[in-house]
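Here the structure comes first, spelled out in structure tokens, and everything after it is commentary.
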Amino acid sequence: NYNLDIVNYQHPTNPALNFPIRFYWNAGENQSNLNSMKTMIVPLTTYFASKYGTHPFEKNGFATLNNQFTWGGMENQTLTSLCPNCWSSSLIAHEYAHQWFGDMITCATWADIFLNEGFATFSEALWDEYSGGYTAYKNAIQSEASSYMSGNPGWAISNPSWAVTTPSTNTLFNYAITYAKGACVLHLLRYTLGDSLFFASIMNYANAPHLKYKSAVVADLKDMVNLTTGGDYGWFFDQWVFAPNHPLYANNYFIDQSNGIYT
């Protein structure tokens, strides 16, 4: 007894890039929220395509389920499951980003789940930046940082042993680590590299022939950052991804007045 609305997406500068996006919904759901998401999905698709590469599938869609589905969303390839009446911009942006990071490229092992959830959570903030400006982006990142700092259980984002022995779901999908810290680490990488090199690295990672429509490990992301930038950012991944907690930096400064000029 689903209702079905279809948004036919067409890229603004590439008419050949077009496909249907289906919205399956239940009677009684908030039509205003649903309509907002149907309006949002077109610019969201174009924006993510500009950052991550062409939309990876020949169709897409969302379906709100019933009360037996107790999670927010599940990024099934081309048809995301949502909780009942869960038409919200952050959830849609998160699950839609998974079409690139999680469905087009999936984590090779459970030790690499950051490549799915960290990117999707970071993409929520990116969409906030697109729709609300840089202040909205920074507020979103600050919120994730607060979630990490207040809930940090003290383990690393990626533990090699998880590739062999699957940890509990409470460990693997711990929000503070896998989602919040994961998003913040990508923000810090953006800050460290600068926008041009950061987004070029992500674009290259997402579209590398040996990774696209295949699987990846965290080292693949690190290698693509190094290849794109010409640098060695192993230290960054060692500090922020493979080590527990986070680095503490001691910064010093001084003020020098010379000829009335402060430096």
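The values are calculated or read from the model by the stated rules, or taken from the named source; none is laboratory data. Please read all numbers here as calculations on a predicted model, not as lab measurements. A quick note on method: Cβ atoms are made from the backbone with ideal geometry, for glycine too, and the neighbour counts reach across all protein chains shown. The protein model used for the area step is the full one, side chains on, heavy atoms only, and it has no ligands, DNA or RNA in it. Shrake-Rupley method; radii C 1.70, N 1.55, O 1.52, S 1.80 Å.
Go through the residues of segment 179-197 one by one and say whether even a single one is touching a helix residue (DSSP H, G or I) at 6+ places or on another chain (Cβ under 7 Å), within 18 Å of F48 (Cβ to Cβ) and among the basic types (K, R).
So far as segment 179-197 goes, yes, one or more of its residues are touching a helix residue (DSSP H, G or I) at 6+ places or on another chain (Cβ under 7 Å), within 18 Å of F48 (Cβ to Cβ) and among the basic types (K, R).
Residues are listed down the side, and each one gets a yes or a no for (1) open to solvent by less than 60 Å² (accessible area, probe 1.4 Å); (2) out of contact with any Gly (no Cβ under 9 Å at 6 or more places or on another chain); (3) among the charged types (D, E, K, R):
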{"position": "D5", "(1), (2), (3)": "yes, yes, yes"}
{"position": "Y9", "(1), (2), (3)": "yes, yes, no"}
{"position": "P20", "(1), (2), (3)": "yes, no, no"}
{"position": "G28", "(1), (2), (3)": "no, yes, no"}
{"position": "S32", "(1), (2), (3)": "no, yes, no"}
{"position": "N35", "(1), (2), (3)": "no, yes, no"}
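Would you pick out the residues in segment 42-54 that are farther than 17 Å from D5 by Cα and open to solvent by 10 Å² or more (accessible area, probe 1.4 Å)?
P43, T46, Y47, A49, S50, K51, T54
Looking at segment 129-144, which of the residues that are over 14 Å from L186 (Cβ atoms) and in contact (Cβ under 8 Å) with a residue 12 or more places away in the chain is least open to solvent (accessible area, probe 1.4 Å)?
Among them, the one singled out is S131.
Please go through segment 150-183 and pick out each residue that is in contact (Cβ under 8 Å) with a residue 24 or more places away in the chain, assigned to a helix (DSSP H, G or I) and open to solvent by 50 Å² or more (accessible area, probe 1.4 Å).
Listed by number, the residues that qualify are S150, P160, S161, A163, Y175.
In segment 95-107, is there at least one residue being under 23 Å from A206 (Cα atoms), in contact with a Ser or Thr (Cβ under 6 Å, 6 or more places away or on another chain) and either modelled with pLDDT under 95 or not acidic (D, E) (or both)?
Yes: segment 95-107 contains one or more residues that are under 23 Å from A206 (Cα atoms), in contact with a Ser or Thr (Cβ under 6 Å, 6 or more places away or on another chain) and either modelled with pLDDT under 95 or not acidic (D, E) (or both).
Scan segment 79-125 residue by residue and report those that are open to solvent by less than 10 Å² (accessible area, probe 1.4 Å) and of a type in the set (S, T, Y).
Hits for segment 79-125 are T80, Y96, T121, S123.
Give the number of residues within segment 63-100 that are under 22 Å from G132 (Cβ atoms) and either basic (K, R) or outside any loop (DSSP other than H, G, I, E, B) (or both).
10
With the checklist (1) assigned to a loop (DSSP other than H, G, I, E, B); (2) surrounded by 13 or more Cβ atoms within 10 Å (Cβ to Cβ) in hand, flag the one item P244 doesn't pass.
(2)
Among the listed residues E75, E124, E95, E117, which satisfies the condition of being touching a residue at least 40 places away in the same chain (Cβ under 8 Å), under 24 Å from V185 (Cβ atoms) and either of a type in the set (V, I, T) or in contact with an Asp or Glu (Cβ under 7 Å, 6 or more places away or on another chain) (or both)?
Exactly one residue qualifies, and that residue is E75.
Considering segment 210-241 alone, what residues qualify as being open to solvent by 40 Å² or more (accessible area, probe 1.4 Å) and farther than 22 Å from G53 by Cα?
Listed by number, the residues that qualify are D232, Y233, W235, D238, Q239.
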